1. Assign unit charges at the C-beta atoms only (+1 for Lys and Arg, -1 for Asp and Glu), then state the dipole size of segment 55-103 relative to its Cα centre in Debye, rounded to the nearest 20.
2. Over the Cα atoms of segment 20-93, Rg to Rh with Kirkwood Rh, two decimal places?
3. Take L188 and S41, extend 7 Å from each Cα along the Cα→Cβ direction, and tell me the distance between the two endpoints in nm.
4. Could you give the length gained by full extension between Q316 and D96, i.e. 0.36 nm per residue of separation minus their alpha carbon distance, to one decimal place?
5. Grab the other residues whose beta carbon is less than 11 angstrom from that of Y296, score K and R as +1, D and E as -1, and report the net.
6. Using the Karplus curve 6.51 cos²θ - 1.76 cosθ + 1.60 with θ = phi - 60°, work out ³J(HN,Hα) for each residue of segment 100-115 in order, rounded to whole Hz, and write x for Gly and Pro.
7. Long-range amide H contacts for Y296: which residues qualify at under 5 Å (H placed 1.01 Å from N, peptide plane, sequence gap of 5 or more or a different chain)?
8. Can you check what the Kirkwood hydrodynamic radius comes to for the chain, Cα pairs only, in Å to one decimal?
Amino acid sequence: MKFLATLLLLALIAAGGAYWLVKTPFGPSTETFLEIAPHTSTHSLATQLEQHGLIRNRNAFEALKLIKGGTLKAGEYRFDHPVPMTEVYDRIARGDIYTRALTIPEGYNIYDIAQAVQDAGLGDRDAFLIAERQHAELISEWTSSSANPPASLEGYLFPDTYHFARHTPPVHILAAMVRRFRQASQQLGLVSDIPRTVTMASLVEKEVSQDNERPLVAGVFLNRLAKSIPLATDPTVIYAALLDNRWRGTIHVSDLQSPSPYNTYRHAGLPPGPICNPGMAAFRAVLSPAKTDYLYFVSDAQGHSRFAASLREHNQNVLAYRKAQQH
């Protein structure tokens, strides 16, 4: 009888110890990261967790794996406060990996995106720009038939909020943005002449911020193109300066005289490629432009645009804008 009582007591102690190991919170009180490589064995993972101070006992973790089953998923995990071992296990089993948000607004160019990547802690700006120029194959399905295949992914990195692990390679970030562009293009019904559409949408995106004015701007550009009138749009001049690493925040006379093919004051027609990454509203405007006789537009003091069919009317709008700026 005493023997049975002793066995029961030992069993209770063992059960209590096991419960304490897996259910009592344990772990760091400061931010700690653990990178689990693909195909890591349960034994190796349990050892890493113990060495990082995330669990009390690796043997208990391996026993928990036998009881709970499931697949423990690779990736980077973040811990910043003590939790029960069961919670550590469940997080890894469901793949609750640590990611950082990367928000790309409409109209960001590749330089803006590269800076956003760096600011989000997802990699170096310059390394991202190098990768962007090395992977034109990501957009070859739309550009392979072009006479001059692009050297940049500009225009095809769709604006959205993305989530990436800290050590995601630049090419994977770029590929995710191109996939999002593919989804958007299918939603919009883009099936032909996509490079031209993307370039036009990028101009519309940069020229106005009011969605209801975008179809009018698209119509102006089409009217000017039909008459072989240079588009004379400032955002292309700014982009040319960015490409030459000489943009300092102000358009100078030398910028307007630049021989760059992106200088739409000197060269008629569309620039060689997109100047930013447009959003849905800009694409819709290009696909359904307003049919007017407008050839000009200029901002007004309220952040909207005034449109004109004649140079005389346009000059009046410009004069009104300048007067408003003086008050």
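Each value in this text was obtained by applying a stated rule to the coordinates, not by laboratory testing. Note that the structure is predicted; figures quoted are calculated from it, not measured. FYI the Cβ positions are ideal-geometry reconstructions off the backbone, even for glycines, and counts take in every protein chain you see.
1. Magnitude of the dipole: close to 80 debye.
2. Taking Rg over the Kirkwood Rh, I get 0.91.
3. About 5.2 nm, to one decimal.
4. Contour length minus Cα-Cα distance gives 73.2 nm.
5. That sum, taken over residues with Cβ under 11 Å, equals +1.
6. Result, rounded to whole Hz: 10, 7, 10, 9, 10, x, 4, x, 5, 8, 5, 6, 4, 5, 4, 5.
7. Residues meeting the amide H criterion: A308.
8. With all distinct Cα pairs of the chain included, I get 24.0 Å.
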